[in-house]
Amino acid sequence: MTDASTIDWTVFVLVVGLRLVVPLFIPRFPLPAILAALVIDGVDKSIFTAFTGLPLDNYQSYDKALDIYYLTIAYLSVLRNWRNPFAVGVAAFLWYYRLVGVLLFELTDLRWLLMVFPNTFEYFVIAIEVVRTRWDAARLSKAAFLWTAGLIWVVVKLPQEWWIHVAQLDFTDEFGKLVDAYPWVWGLLAVLAVVLVVVGRRVVRRLPPADWPFTVDADVVAARVGWVPRGPVGVAPRGIGHLAEKVALAGLVTAVLFESYPLTEGRLSVVVLVVAGTVLVHAALALWRGRASLGVEVVVNTLISVVTMLVFAAFATGQRGQVAVGDVLLFAYVVALVVTLYDRYSARREACV
């Protein structure tokens, strides 16, 4: 990118900046922020192609990293906002299941693994957040949560994952070929749209009365259902289980990021050791960090993570200069954010129960 023009750099920084900043709104405004992140993820490459002359050979690595970044924040937001422990458990299973699948894919390059480990988590969170805009989702039965996850898994994600990752088809190209060969498809789609509108109106009429006016603000929902701290909020959640999950989450996320990058060849054992050490250092400093603001806490955690990520880079590549400073900063920031938000939101959850 040394030959990039000012316009190229402006567009690149704007798009990547949006992909970094928009997910930070997910904890407070989950539904619109997740949908916005989805849209940006879907159009970023098209924007680069249309408005810049940037080579996109290595952008796929950043794209994967940014996907994991915003989905991790979505999972941590579930810990913050959802009060039904069964729903949180379903979301946690779907998230870690997908994360393990992505790591296996990065290790083996077997694309069918992404179909076996579909990203059901993302659409499950969206579905529950749609409910939470007007109703108390915590009152849903366990069967309702399981049916929602199962339908999304089988009806939506399996076909989508097959189309994208196994068949490797492009929707725009395939749809263009279809309507060129069969123009009557437009009429069929119009009829289908009318049917969906009619069915949708009938479904809306049969919905139970809303528990509150429409809102996408998680804090408003929390206040209405009483999901607020009942005492002092600790600086970090208590128990070895939380520490173990924090190590597992940060380790899996970091492993996926490094395995997706072409310039790193680190062993997973090194990833686990370095990230585990980072998390333990963060835990040791948790008391001091708990008195700081969220912004200061993230900055301090990032500085700590930068040092450990540089150590990892030395092990992973055999020479410190082989990994760009920007890459190290990105990975360090992600680890720091995972640790910070996990501590804050899990401790808040303990205080709300």
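We did not get these values from a lab; they are worked out from the coordinates using the rules stated. Fair warning: this is a prediction, and the values are worked out from it, not measured in the lab. Cβ sites come from the backbone with ideal geometry, for glycine too, and all protein chains shown count toward neighbours.
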**Request:** List the chymotrypsin sites (Phe, Trp or Tyr not before Pro) within the stretch 159-245 that fall in a DSSP loop (any state other than H, G, I, E or B) and whose Cβ has at most 15 other Cβ atoms within 10 Å.
**Result:** Trp184, Phe214
**Prompt:** From the backbone phi of the stretch 68-75, what are the Karplus-calculated ³J(HN,Hα) couplings (6.51 cos²θ - 1.76 cosθ + 1.60, θ = phi - 60°) in whole Hz, Gly and Pro given as x?
**Reply:** 4, 4, 6, 6, 5, 5, 4, 5
**Request:** Order these peptides, 146-153, 49-56, 125-132, by their mean beta-carbon neighbour count within 10 angstrom, highest first.
**Result:** 125-132, 146-153, 49-56
**Request:** May I ask you to list the chymotrypsin sites (Phe, Trp or Tyr not before Pro) in the stretch 86-116 that are in a DSSP loop and have at most 15 other Cβ atoms within 10 Å of their Cβ?
**Result:** Trp112
**Message:** Give the residue list of trypsin sites (Lys or Arg not before Pro) in the stretch 1-98 that are DSSP loop and have at most 16 other beta-carbon atoms within 10 angstrom.
**Reply:** Arg28
**Request:** Output ³J(HN,Hα) for the stretch 226-232: one whole-Hz value per residue in order, computed from phi by the Karplus curve 6.51 cos²θ - 1.76 cosθ + 1.60 with θ = phi - 60°, and x for Gly and Pro.
**Result:** x, 8, 10, x, 9, x, x
